[in-house]
Amino acid sequence: MPQNTELMNESTYYQKVADYYDEDARDFEERYWNNAVLQRIRQSFREEVKKFEFDNALEIGYGPGLDVCHFAQIFPDKDIYGLDISPAMHKHTESKARSLGLNNVNVKVGTPEDLDKIFPGVKFDHIYVFFGALNTVEDLEEIASALNDRLADNGTMLLTFVNKWYLMEVFYHLAKVDFKKAFKRFKTVWGGYSGSKILESKCLSPGEIKGAFENHFTIEKKKGYSILYPAWYRHRWVKKMGKRVSEFLWDFDKSLDGTPFWSLGEYALYTFKKKK
C-alpha cells in the first residue's frame with residue numbers, strides 16, 4: 001500500500017493506523033447504512049453535541065464525513081472543522097462536502113498533536129469525537145494538553161471512547177469458553193473489532209481517561225452505551241429480539257446513567273469543560 005505522505009505526524013504507529021483506515025474507507029459508508037444500531041448510537045451522540053452552544057466545532061476522526069457534513073448542514077452559520085489520520089477518508093469527506101455545496105466545512109489530514117500546525121490560530125468552541133478515535137493515539141495525556149491549547153476559553157468537549165470494562169462482551173465469550181476473546185480488551189494492545197486485520201489501539205477505563213484529562217478539564221457528564229443493548233457489531237441481535245425487547249434494553253441503559261453501572265458498556269461518553 002502506498003505511504004501516506006500527507007500525515008503531519010510521521011510516526012510508524014500512526015502510519016499503520018492511517019493504512020488501516022485507508023483500507024476501511026472503501027466500503028465504510030455502505031456498511032454503516034446497513035447497521036441500524038450504529039445509526040442509532042451515532043444519532044444519540046449527535047443529540048448530545050447539539051446541547052452545546054458554539055460558533056465553530058472540531059471533529060477528530062471524522063471518517064467518511066457523516067457528522068461534519070451533518071452539522072454543517074444543520075448549522076450553516078457555523079464553521080465545522082475536521083481532522084482525520086486517513087487520506088482516503090479525507091478524500092471521501094471532501095467529495096461529500098462539495099457534492100452537498102457545503103462551504104463551512106474545513107477538513108484536514110493529521111493527528112491531534114499537530115493541531116496548532118494544521119489549523120494555526122484557530123480556537124475551537126467545541127471539540128467532539130465519535131466512536132473512539134482517541135483510542136488510537138500514542139499518548140492520551142499529550143493529546144489532552146493539545147486539545148486544551150486549541151480549545152477556546154469556556155470551551156467544551158464531547159469525547160467517546162471504546163471502553164475497557166465492557167462486561168457483556170466478557171460474559172458472552174466466557175459462556176463460549178473463549179478466554180482469549182473474553183479478556184481481549186484488558187490487554188495493553190487491543191487488536192480492534194476485525195477478526196482478520198489488526199488495529200493497534202487501546203481500550204480505556206474511566207480511571208485512565210480521568211487521569212489523562214483532569215489537569216485541564218472537569219468532567220461534566222458521563223454516559224454509557226450498549227451496557228445491555230447490543231453493541232453495533234451485534235446489530236443482527238436487535239432484529240432477532242424484536243422492537244419491544246430492544247427498546248426496553250435501550251431505555252434500561254439510559255436508566256443506568258448516574259449509577260456505577262454506566263461504565264460497563266461498549267462505549268463511554270464524556271463531556272468536558274475547560275478549566276479556568
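Odds and ends about this structure:
- Selection of the stretch 22-68 for residues being assigned to a loop (DSSP other than H, G, I, E, B), at pLDDT below 95 and acidic (D, E) yields only D27.
- Selected residue (criterion: farthest from Y13 (Cα to Cα)) from residues of the stretch 109-139 that are aliphatic (A, V, I, L, M) and over 14 Å from the mean Cα position of the chain (by Cα): V122
- Within the stretch 149-188, the set of residues being open to solvent by 80 Å² or more (accessible area, probe 1.4 Å) and either farther than 27 Å from Y128 by Cβ or free of Cβ contacts under 8 Å to residues at least 24 places away in the same chain (or both) comprises F171, A175, K176, V177, F179, K180, K181, F183, K187, T188.
- Selection of first residues in the stretch 54-78 that are touching a residue at least 12 places away in the same chain (Cβ under 8 Å) and on the phi > 0 side of the Ramachandran plot and of second residues that are open to solvent by less than 10 Å² (accessible area, probe 1.4 Å) and not in a loop (DSSP other than H, G, I, E, B), restricted to Cβ pairs under 6 Å at least 6 apart or on distinct chains, gives the following pairs, ordered by first then second residue: G61/V129; G63/M89; G65/T93.
- Filter pass, D84 being over 20 Å from A231 (Cβ atoms), among the acidic types (D, E) and buried (at least 20 other Cβ atoms within 10 Å of the Cβ): yes
- Filter result for F52 (among the aromatic types (F, W, Y) and open to solvent by less than 30 Å² (accessible area, probe 1.4 Å)): no
- None of A97, A18 is more than 30 Å from W237 (Cα to Cα), touching a Cys at 6+ places or on another chain (Cβ under 9 Å) and surrounded by 20 or more Cβ atoms within 10 Å (Cβ to Cβ) except A97.
- Unmet requirement for Y233, which otherwise passes all of (1) in a helix (DSSP H, G or I); (2) more than 16 Å from the chain's Cα centre (by Cα); (3) not acidic (D, E): (2)
- Residue in the stretch 193-201 that is touching a residue at least 24 places away in the same chain (Cβ under 8 Å), assigned to a strand (DSSP E or B), more than 17 Å from V170 (Cα to Cα) and open to solvent by less than 80 Å² (accessible area, probe 1.4 Å) present: yes
- Figure legend. Inter-residue proximity from the stretch 20-46: first residues under 17 Å from A133 (Cβ atoms), second residues basic (K, R) and open to solvent by less than 20 Å² (accessible area, probe 1.4 Å), beta-carbon distance below 9 Å, spacing 6+ or different chains. Indicated pairs: Y32/R42.
- All positions within the stretch 207-261 that are open to solvent by 30 Å² or more (accessible area, probe 1.4 Å), aliphatic (A, V, I, L, M) and within 30 Å of K276 (Cα to Cα): I219
The values are calculated or read from the model by the stated rules, or taken from the named source; none is laboratory data. All values reported here derive from a predicted model rather than from experimental measurement. Methodologically, a virtual Cβ is constructed for each residue, glycine included, from the backbone with ideal geometry; neighbour enumeration extends over all protein chains shown. The area values use the complete protein model at the heavy-atom level, side chains included, leaving out ligands, DNA and RNA. Shrake-Rupley method; radii C 1.70, N 1.55, O 1.52, S 1.80 Å.
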